[in-house]
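One structure below.
Here, each number is a calculation from the coordinates, and none is a lab measurement. The structure presented is a predicted model; accordingly, all values stated were derived computationally and were not measured. Glycine gets a Cβ as well: all are built from the backbone with ideal geometry, and neighbour counts include every protein chain shown.
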Amino acid sequence: MGEPICIKDFEEFAYKTLPRNALDYYRSGAGQQETLANNKRAYSNYRIRPRCLRNVAETDISVTVQGEHVSMPVGISPTAMQRMAHPDGECANAKAAQDMGTIFILSTISTSSIEEVAEAAPRGIKWFQLYIYRDREVTRQLVSRAEHAGFRALVLTVDAPFFGLRLADIRNKFVLPPHLKLANFQGTKSTDINKSKAGSSLNDYVNSLFDQTIEWKDIAWLKSITKLPIILKGILNFEDAIMAADAGVSGIIVSNHGGRQVDTWPASVSQLRQFQGYLIIIDFISFCERLFYYYCMHPLLLLEKLTNVNHQNSYY
Ligand SMILES: Cc1cc2nc3c(=O)[nH]c(=O)nc-3n(C[C@H](O)[C@H](O)[C@H](O)COP(=O)(O)O)c2cc1C
């Protein structure tokens with residue numbers, strides 16, 4: 001195979017080169033992977049409406065997201081443990097996003113630390129994806145480090161109090177290879193995931209450390225410890241979007257976590273229609289070679305409109 005030149009080529013390359021433990025982790029959805037398959041199918045239902053004679057000598061697909069000028073309506077979603085695929089992992093991805101003038105979101109459970117990524121891409125627009133740990137001091141420190149390192153938004157993932165049952169990871173007894181660690185942590189929070197267990201070490205890690213009790217009131221707590229805008233990732237319905245606006249967040253990402261959480265959830269893109277006219281959709285292309293179409297509008301517009309709907313129409 002020559003140099004990969006498109007997403008499919010990269011996917012084939014990954015299939016040939018990655019160890020099974022990593023490949024299955026990157027490519028798998030939850031359960032029977034119906035939602036994952038639906039995600040892909042749903043995109044193929046969309047068609048580009050052709051127009052002509054429009055002077056395309058100069059084109060500009062830049063958008064404004066959270067007040068930032070972004071070169072295109074495509075960004076890089078948070079995906080965990082990228083150094084299993086390449087020694088530079090998240091740092092390489094962050095640099096690529098910086099070069100392309102778009103947003104890079106770093107996962108909490110990354111194999112490059114907040115500080116390493118900040119150093120690798122000092123000029124890039126970087127957001128930090130947050131999982132809330134039961135130990136709130138751990139969470140507070142993550143937020144504070146992201147702020148200090150120049151990350152410009154927090155992306156709180158709200159669809160993953162537990163992780164989905166990814167059957168391949170259970171069968172493979174997924175572990176993070178021993179030369180890698182969860183780089184944002186010290187001690188067992190960093191290395192427990194390297195230890196072989198009965199099933200997936202990732203699920204054990206999440207079940208034992210993430211806070212499964214979080215609810216809407218915890219957004220207020222998060223707001224109290226940060227000045228960064230908060231974006232909720234993993235909203236799939238309009239009622240939750242309204243509650244997000246009421247909770248004072250700055251945006252939402254409509255997402256089913258790439259079909260990796262609950263199998264049978266609807267395809268993310270199929271849910272967009274209910275938000276039409278109200279919403280910033282930031283539907284980010286994933287590390288794992290999934291191609292999406294994107295809709296972007298200004299987030300403040302979203303919130304203003306959502307607030308209006310809420311108060312004028314008593315939506316609940
Ligand atoms: C390998 C892999 C790892 C991921 N890790 C995370 C993560 O750490 N945090 C997170 O919020 N989402 C994670 N995601 C989900 C992606 O951010 C993104 O939501 C998904 O790939 C695209 O599906 P969507 O259109 O439903 O959002 C991961 C996805 C993949 C494929």
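Quick notes on this one:
- As for segment 253-271, it holds no residue that is away from the ligand (no atom under 11 Å from the Cβ), under 22 Å from LEU154 (Cα atoms) and not charged (D, E, K, R).
- Residue in segment 206-226 that is crowded, with 21+ Cβ neighbours inside 10 Å, within 16 Å of the ligand (Cβ to nearest atom), closer than 24 Å to GLN33 by Cα and free of Cβ contacts under 8 Å to residues at least 60 places away in the same chain present: no
- Of everything listed in (1) away from the ligand (no atom under 14 Å from the Cβ); (2) part of a helix (DSSP H, G or I), the single unmet condition for PRO87 is (2).
- Checked against (1) part of a helix (DSSP H, G or I); (2) under 21 Å from SER77 (Cβ atoms); (3) more than 17 Å from the chain's Cα centre (by Cα), GLN141 passes all but a single condition, namely (2).
- Output for segment 92-112, where each listed residue is touching a residue at least 24 places away in the same chain (Cβ under 8 Å) and either surrounded by fewer than 20 Cβ atoms within 10 Å (Cβ to Cβ) or away from the ligand (no atom under 16 Å from the Cβ) (or both): ALA92, LYS95, GLN98, MET100, GLY101
- For segment 229-250, the set of residues classified as within 16 Å of the ligand (Cβ to nearest atom) and either outside any strand (DSSP E or B) or on the phi < 0 side of the Ramachandran plot (or both) consists of ILE230, ILE231, LEU232, LYS233, ILE235, LEU236, ASN237, ASP240, ALA241, ALA244, VAL249, listed by residue number.
- Options THR17, THR35: the member that is free of Cβ contacts under 8 Å to residues at least 40 places away in the same chain, surrounded by 10 or more Cβ atoms within 10 Å (Cβ to Cβ) and among the hydroxyl-bearing types (Ser, Thr, Tyr): THR17
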